[in-house]
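The values are calculated or read from the model by the stated rules, or taken from the named source; none is laboratory data. As the structure is a computational prediction, the values presented were derived from the model and not from experiment. When we count neighbours, we look across all protein chains shown, and the Cβ atoms used for this are built from the backbone with ideal geometry, even at glycine. All accessible areas refer to the heavy atoms of the entire protein, side chains included, with ligands and DNA or RNA removed. Shrake-Rupley method; radii C 1.70, N 1.55, O 1.52, S 1.80 Å.
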Amino acid sequence: MSFWIDALGCEMKFYDAGGWRTRVIEAGEGPAVIMMHGLSGHAEGFIRNVRKIADAGYRAISMDALGHGFSAKPTDVTYHSPAFVEHLKRFMDAAKIDKVHLVGQSLGAWTGFHFAMEYPKRVHSLFSVTGA
C-alpha cells in the first residue's frame, strides 16, 4: 500500500482554534481520537492509522501542532508545553470535542501528558508512543 491509498476516505480540514489555523487529517464518527506528532513532524505521520481507527468506530484526527505542517506559525508565541497544550484545548473546543483519547509521539506525548494533568476531565485515555 502507498501513503495515498492509506489517505483515501480521509479529509484534510482546517479549523480556527481560537485564532490559530489548525490543519487536520480526519475520518469517521464516534468518540474522538486525536493523534499528535513529534517535534518537526506533521499530521501525515499518522496517516496509516487514521482510516483504520475510523473504521473501528472512532472520529480519528491527526493534527498539525502549532508551528508545524500547515497549522499556524505565530511569531508571538513561545513554543513550549503551555502553548501546545493551549493549542490542543483550542482545537478541541473548535472541533466540538468534549472528551478525547489522545495518542502522542514524542512531543505529542509530552503535550498529551501535560494536557491530561491540566484537563483530566477532558481525557478518556492517553497513549504514549516513544514519548518525550
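Results, tabulated for the structure shown:
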| quantity | calculated |
| --- | --- |
| Hey, residue 38 in contact (Cβ under 8 Å) with a residue 24 or more places away in the chain and either in contact with a Gly (Cβ under 8 Å, 6 or more places away or on another chain) or of a type in the set (A, V, I, L, M) (or both) or not | yes |
| Unique match (being out of contact with any His (no Cβ under 7 Å at 6 or more places or on another chain), open to solvent by 60 Å² or more (accessible area, probe 1.4 Å) and farther than 19 Å from residue 129 by Cβ) among 4, 110 | 4 |
| Looking only at the range 1-17, and only at residues there that are at pLDDT below 90 and either part of a strand (DSSP E or B) or over 13 Å from residue 46 (Cα atoms) (or both), the one that is farthest from the chain's Cα centre (by Cα) | 1 |
| Condition check for residue 18: among the small types (Gly, Ala, Ser) and open to solvent by 50 Å² or more (accessible area, probe 1.4 Å) | yes |
| Some residue of the range 23-33 being among the charged types (D, E, K, R), at pLDDT 95 or above and out of contact with any Gly (no Cβ under 9 Å at 6 or more places or on another chain) | yes |
| Entirely in the range 40-132, the strands (runs of 3 or more DSSP E) that have 3 or more residues that are in contact with an Asp or Glu (Cβ under 9 Å, 6 or more places away or on another chain) and at pLDDT 95 or above | 59-63 |
| Unique match (being in contact (Cβ under 8 Å) with a residue 40 or more places away in the chain, touching a strand residue (DSSP E or B) at 6+ places or on another chain (Cβ under 6 Å) and surrounded by fewer than 18 Cβ atoms within 10 Å (Cβ to Cβ)) among 46, 91, 70 | 70 |
| Cβ-Cβ under 8 Å pairs, at least 6 apart or on other chains, the range 106-125 side closer than 15 Å to residue 38 by Cβ and in contact (Cβ under 8 Å) with a residue 12 or more places away in the chain, far side of a type in the set (S, T, N, Q) and part of a helix (DSSP H, G or I) | 110/81; 111/81; 114/81 |
